[in-house]
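What follows is a short report on a single structure.
The values are calculated or read from the model by the stated rules, or taken from the named source; none is laboratory data. Just so it is clear, the model here is predicted, and its values are computed rather than measured. Neighbour counts are summed over all protein chains in view; Cβ atoms, including those assigned to glycine, are modelled from backbone coordinates with ideal geometry. Note: accessible area is taken over every heavy atom of the protein model, side chains too, but ligands, DNA and RNA are not part of it. Shrake-Rupley method; radii C 1.70, N 1.55, O 1.52, S 1.80 Å.
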Amino acid sequence: MNKRTLLVALAALAAAGYYFYGSGGGSSDKPAPGTPAVVFDTGGKFDKSFNEGIYNGAEKFKTETSQAYGEFEITNEAQREQALRNFADKGYSPIIAAGFAQAAALGKVAAEYPNIKFAIIDDSSITLPNVQSIVFKEEEGSYLVGLLAAMASKTGKVGFVGGMDIPLIRKFACGYVQGVKATNPAATVFQNMTGDTGAAWNDPVKGGELTKAQIAQGADVIYHAAGGTGVGVLQAAADNGALGIGVDSNQNGLHPGKVLTSMLKRVDVAVYNVMKSAKDGSFKAGTTSLGLAQDGVGYAMDDNNKALVSPPMIAAADAAKAAIVAGTLQVHDYMTDEKCPVQ
Amino acid sequence: MVSDRPARQDRSAPGASAPPAVELIGIDKRFGPVHANRHVSLAIAKGSIHGIIGENGAGKSTLMSILFGFYAADAGEIRVNGRKVDITSSGDAIAQGIGMVHQHFMLVEPFTVLENVVLGAEGGALIGPALARARGVLERLARDYELDVDPDAIVGTLPVGLQQRVEILKALFKGADVLILDEPTGVLTPNEADHLFHILRGLRDQGKTVIIITHKLNEIMEVTDRVSVMRRGELVATVDTRDTSAAALAELMVGRSVLLEVEKGEGKPGAVVLAVEKLTWRDSKNVARVKDVSFAVRAGEIVGIAGVSGNGQSELLDLIAGLKRPSAGTIRLDGQEIGHLADPARLRDLGVAHVPEDRQARGLIMPFEECESAILGWHDDPALGSALWLDRGKVEGRAAADMAAFDVRPQDCHLKSAKFSGGNQQKIVLAREIGRDPKLLIVGQPTRGVDVGAIEFIPRRLLELRDQGKAILLVSVELDEIRSLSDRILVMFAGEVMGERPPETDERELGLLMAGVQPGDRPEATAS
Amino acid sequence: MMKKVHGELPHWVDTALIPAVNLVVALLVAGLVVLIIGENPLEALGILLKGALGSVRGWSYMLYYATNFTFTGLAVAVAFHAGLFNIGGEGQAYVAGLGAALAGLGLEFLPWPIALLIGIMAAMAFGALWGFIPGYLQARRGSHIVITTIMFNFIAASLMVYLINNWFRPAGRMAVESREITHISLVNLLPPSPLNAAVFLAGLAAWFTWYLLWRTRLGYEIRAVGANPEAAVYAGIKPQRVIMITMAISGALAGLMAVNEVLGVHHRLILEFAGGAGFVGIAVALMGRSHPVGVVLAALLFGLLYQGGAELSFAKPAITRDMIVVIQGLVILFMGALEQAFRPVLAAFFFAPEKA
């Protein structure tokens, strides 16, 4: 297209824009006061994992209260701030940001709108009077599934497949390894990260390949913390006679009888609670840390995995849970020193 | 000598009264200002090998492309076996039993021979039956014509000689009775060429008609029954091969095209400017394309290099211009060795100006404005701006001055270079190369494809330049041009200089040299 | 009507009618898509245009996006002129972020204007290096530039995640990003939008590109090599040298995008800040016919589609972000790739009366 073509096209668009300026689109409509909003991260709300958990929590709130909510899926970095500000501008409250990647943007926008309530999941770096930060003790839940994996393994070798190689995922891995080693100090844990880019969250083929490689080395239980990539991990485990362990949501039903359990991270509960507390006036700023004690993390039991988890395993897991809740058992959090005591 | 009578009685033709296999009547074709075929009429007898010979751009490929349906003729008609036919696509041509083997093979290299042969004749959704049928036909063809090729070999792994055989098989498989081969030996070794000729004779003896396009005289003499000579779009002669000689054909090919009326005064040669000694250049296949060439050009003289194209003249120009690095020997400019530099920019600074043979591919950059093409090679001239910057005003000023001096039309330097006619393009190149006061000017094909006006203008400028004391090396396939401009003539054949002659030498003698025949070898070098 | 050779339409048809027809068709097809998913196309169009052009904030976001696309578009355009297809703008911009961040975080002892200048130069230098290496491989080793630049995008992604994760990320911080760059930044023009002084840098870069290509000896050589390598060799130009220099310039232009993102918007080095702008640059350069003015205009059009698209999916959750990509793609298809598709129809319309 030549320059003139472009100029004409731009001019035409501009003219049309001003014509429609008066006619008004939906974007100028203000929502009812107290309408919540959710800004999903780049994975998208149907990632079968973290973002989908948030979506489920919001949907549950919507069903119970008949209260609609605003939503936006991020496509590039600049949109984080833009979306948060858009919602704040129109008076949405509370505004929930999914994922630590939104921390910088949320910190900025929340400071500009002190009368609007904000919440962020998976980050605790913002200390503003109108921001609630919710973090999870993934290491505690991972410890329990590590314990179950070690007990279920016949080979004494288990695997872990992470998504993108970032601290959060190392935190999952570290808790898992601690659980495995505490149960069977002789066990081997294979660890692989899918990749170094955002694509690592959505690469089921590579996840499957990594899983097969681990199985070839003898692993018979494989835990994933890899978002959409995990679908491939569970599939490969199921196809090759190994057991998978799901993450975030209950993924036991993806391959009934082939998924040992799932490490639940109840982001849905967290989102639901934020929305609910804002509605009934009990919203509090500050950091909420959800661990086993608060049922923020845990392992999933249902009909699909009943046969896989024996009563002694459940007993051991419950004992460990009780010890963690009581404080007698400390699971190391990778984020405190960026080191893991066991490998 | 000119003849468009139907073929004479042919020894191998089935019947004396049989109509020609192919007859072209009054074929005319223009590409814009270029008249590629001028009213060409030609009859090709059934069961013969007919050669079409001519320089590059003589129109022979165009003529055959019309016969094969690639181009539509502006006028004229085509008859096959005496019937008028309408050929508008290669599909039509194939349906009429005409097959073509292109200079650049049209083969799918990763496919097997068999798969290539059925290409375009698969017949149906399933390839299996076609392949099975093809295998049978291929075996029969191989037996009949000594065209042995392993049908399951991967084409890309075969030597070029066998690839060419696959092309021939492809044409025969589609039922070709008339086979056109465009420059078939260009890619072949001498042994492969010999074998090809053997196959072609076999095809003829089985009643096929073969048309071979080439600019190599010895091939014509060796393999054809009859030969047509084309020059500048015209068919200038059709003769029986046994009645002619390589020298006579060479003369016809390059002969008197446009009579040049140039006043040439006596030259006053001065000091030696260019001295070439034992210059040799080998190509990537280690074939010597320029062999042991030695000569000198003095200030104030024009040395012409005559020869049929493809005999090393282009390479010689490239070597002197620094575009190729000599394999052996020296090139000296004013006593300074320049051959090892192989740097056109340095040579230009030293005073070597180069008017390339192909101005469209090299001399100008077609999408550029004229004023930008007008400084090609001189774009680093300090007079045109500062160290990094090009002063647009100075560039346009120079272009305008050059255009005025050489009467380039239209005199609009913002016009794209491609928009100028051939003659005006050549004037732009000449103006640029001459304008910077070189010591040595090397010129390739100065009047190729230029219009009548420029054909007079350009030689006159070259002579003026000579009289100003420049040394000029002129390469041309136009013998008349060489004779009317040069003070001395060197004839090249197969990369070697065959001899030096004064411009008064008669065309016949020069023709013999161009055909690679030393005068001592007379009388004739005809087909064996 | 004047008698005209077939194919030569009146000037105003070429410059006004054909683009207008293309635009209308693009919008009609996009509207059809919107209709299929049960939304009102006119309303959607209104939101899209108003989102980008109906407010100062919309304009500023559009210009912010256009700034990125101008840089990456110019990078691709310069390489095009030398006959090179630089697919690596994404990686070049990404690595350039390293230069900007290093200067921003490491030169706090210098006065900020000097540090800022060094930061901009460092971004260009890192981008240039990331373009130069594939250029070198093409010129000296014959490795195809398309392949190597694609590979260098991957290498850049892995290198950057490693460096940010292990070197730049403050301990204990979950997000994979460097600490905030406080010492230097480009002036934010219309807070809170991300539009910053880099937009002027983009204008300057467009002017520089034009000047380089059409007013310098190097530019002449670049265009000669691109238009006809054989003629360039005849002229004494060394294509290998030109290829390497051109790729370095191309990388430096792409690298300026990092200045916008790292020093102008995020004030920190974050993962994948290039966000695909390097690839959009290819479409921008193609649409802009590799001319700097065309690139700027195409970048504005893409900026409009990005900003308007975001507003559209914000206002209409049913029109997902994937739908927005489809609509953007349709506009590119009709305005760029199928630009001449309606020409024959219009030509028939204009010439019919003559023949009758």
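Okay, here's what the table says:
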{"item": "Beta bridge orientation in chain A: antiparallel %, DSSP, nearest 5", "result": "5"}
{"item": "Extent along principal axes [Cα atoms of the protein assembly as shown; Å; largest to smallest]", "result": "118, 72, 70"}
{"item": "Distance histogram in 5 Å bins (all Cα pairs of segment A:235-301, percent per bin)", "result": "4, 17, 20, 17, 13, 10, 8, 5, 4, 2, 0"}
{"item": "Flagged links, alpha-carbon separation over 27 Å, of A:Lys48/A:Lys108; A:Lys154/A:Lys321; A:Lys284/A:Lys306; A:Lys279/A:Lys321", "result": "A:Lys48/A:Lys108; A:Lys284/A:Lys306; A:Lys279/A:Lys321"}
{"item": "In nm, spacing of pseudo-spin labels at A:Gln67 and C:Ala318 (7 Å Cα→C-beta vector)", "result": "2.5"}
{"item": "Projected label distance in nm at C:Asn188 and C:Leu110, using a 7 Å step from Cα toward the beta-carbon", "result": "2.5"}
{"item": "Nonlocal amide H pairs with B:Ala237, under 5 Å, H built at 1.01 Å", "result": "B:Val229"}
{"item": "Acute angle (nearest 10 degrees) that the helix A:167-183 long axis makes with the longest principal axis of chain A, alpha-carbon atoms", "result": "20"}
{"item": "Kirkwood-based shape ratio for segment C:120-159, expressed as Rg/Rh from alpha carbons", "result": "1.02"}
{"item": "Among A:Glu59, A:Glu112, A:Glu139: highest mean-square fluctuation, GNM of chain A, C-alpha pairs under 10 Å", "result": "A:Glu112"}
{"item": "Loop-exposed GluC sites (Glu not before Pro) per DSSP, neighbour cap 12 Cβ within 10 angstrom, longest uninterrupted part of chain B", "result": "B:1-260"}
{"item": "From the C-alpha gyration tensor of segment C:30-187, square roots of 5λ in Å", "result": "33, 26, 17"}
{"item": "Sequence of B:Ile199, C:Ile150 when ordered by accessible area, the most exposed leading, probe 1.4 angstrom", "result": "C:Ile150, B:Ile199"}
{"item": "Normalised per residue, the volume of the convex hull around the Cα set of segment A:198-315 (Å³)", "result": "137"}
{"item": "Estimated FRET transfer efficiency (A:Gln330, A:Asp295; beta-carbon r; R0 25 Å; 0.05)", "result": "0.80"}
{"item": "Gyration tensor over alpha-carbon atoms, segment B:262-303, equivalent ellipsoid semi-axes in Å", "result": "31, 12, 6"}
{"item": "Gaussian network model of chain A, Cα within-10 Å springs - most flexible of A:Asn76, A:Asn115, A:Asn273", "result": "A:Asn76"}
{"item": "Chain C - percent of accessible surface contributed by carbon and sulfur, probe 1.4 Å", "result": "72"}
{"item": "Cα-based Rg of segment B:67-160 normalised by 2.2 N^0.38 Å, two decimals", "result": "1.28"}
{"item": "Estimated FRET transfer efficiency (B:Thr330, B:Thr505; beta-carbon r; R0 25 Å; 0.05)", "result": "0.30"}
{"item": "Shape call, segment C:98-179: gyration tensor on alpha carbons, a/c limit 1.5", "result": "oblate"}
{"item": "20 Å Cα-Cα reach of C:Lys316 towards aspartates and glutamates, excluding residues that sit fewer than 8 places from it in its own chain", "result": "A:Asp29, A:Asp41, A:Glu52, A:Glu59, A:Glu71, A:Glu73, A:Glu81, A:Asp89, C:Glu39, C:Glu43"}
{"item": "Expected 222 nm ellipticity per residue - DSSP helices of 4 or more, -39500 (n - 2.57), all of chain B, to 500", "result": "-9000 deg cm²/dmol"}
{"item": "Cα Rg, Dmax, chain B, angstrom units", "result": "25.3, 78"}
{"item": "Hits among lysines - C-alpha to C-alpha of B:Lys264 under 21 Å, sequence gap 8 or more where chains match", "result": "B:Lys427, B:Lys439, B:Lys470"}
{"item": "Chain C shape via C-alpha gyration tensor axes, a/c threshold 1.5", "result": "oblate"}
{"item": "With Cα atoms, 0 to 90° folded angle of helix C:343-355 axis to chain C main axis", "result": "20"}
{"item": "Compactness of segment A:148-251, expressed as Rg and Dmax over alpha-carbon positions, Å", "result": "12.2, 34"}
{"item": "Along each principal axis, Cα extent of segment A:129-208, largest first, Å", "result": "48, 34, 15"}
{"item": "Principal-axis tilt of helix A:50-65 within chain A, Cα atoms, nearest 10 degrees", "result": "70"}
{"item": "Gaussian network model of chain A, springs between alpha carbon atoms under 10 Å - residue of A:Tyr223, A:Tyr272, A:Tyr143 with greatest fluctuation", "result": "A:Tyr272"}
{"item": "Quotient of C-alpha Rg and 2.2 N^0.38 Å, computed over chain A", "result": "1.10"}
{"item": "Cross-link pairs beyond the 31 Å C-alpha cut-off, checked among A:Lys45/A:Lys117; B:Lys216/B:Lys416; B:Lys46/B:Lys285; A:Lys157/A:Lys265; B:Lys29/C:Lys238; B:Lys60/B:Lys268", "result": "B:Lys216/B:Lys416; B:Lys46/B:Lys285; B:Lys29/C:Lys238; B:Lys60/B:Lys268"}
{"item": "Cα gyration tensor, segment B:378-428 - rounded (a/c under 1.5), prolate or oblate", "result": "prolate"}
{"item": "Whole-Hz ³J(HN,Hα) from phi, Karplus 6.51 cos²θ - 1.76 cosθ + 1.60, for segment B:470-478, glycine and proline x", "result": "7, 8, 10, 10, 10, 10, 8, 8, 8"}
{"item": "Spin-label model distance (nm) - A:Ala199 vs C:Val24, 7 Å beyond Cα toward Cβ", "result": "4.2"}
{"item": "Distant-in-sequence amide H partners of A:Tyr223 (H built 1.01 Å from N, under 5 Å)", "result": "A:Gly159, A:Phe160, A:Val161, A:Ile245"}
{"item": "For segment B:338-413, the spread of Cα positions along each principal axis, largest first, Å", "result": "40, 31, 23"}
{"item": "Efficiency of FRET from Cβ geometry, B:Arg436 and C:Trp12, R₀ 51 Å, rounded to 0.05", "result": "0.70"}
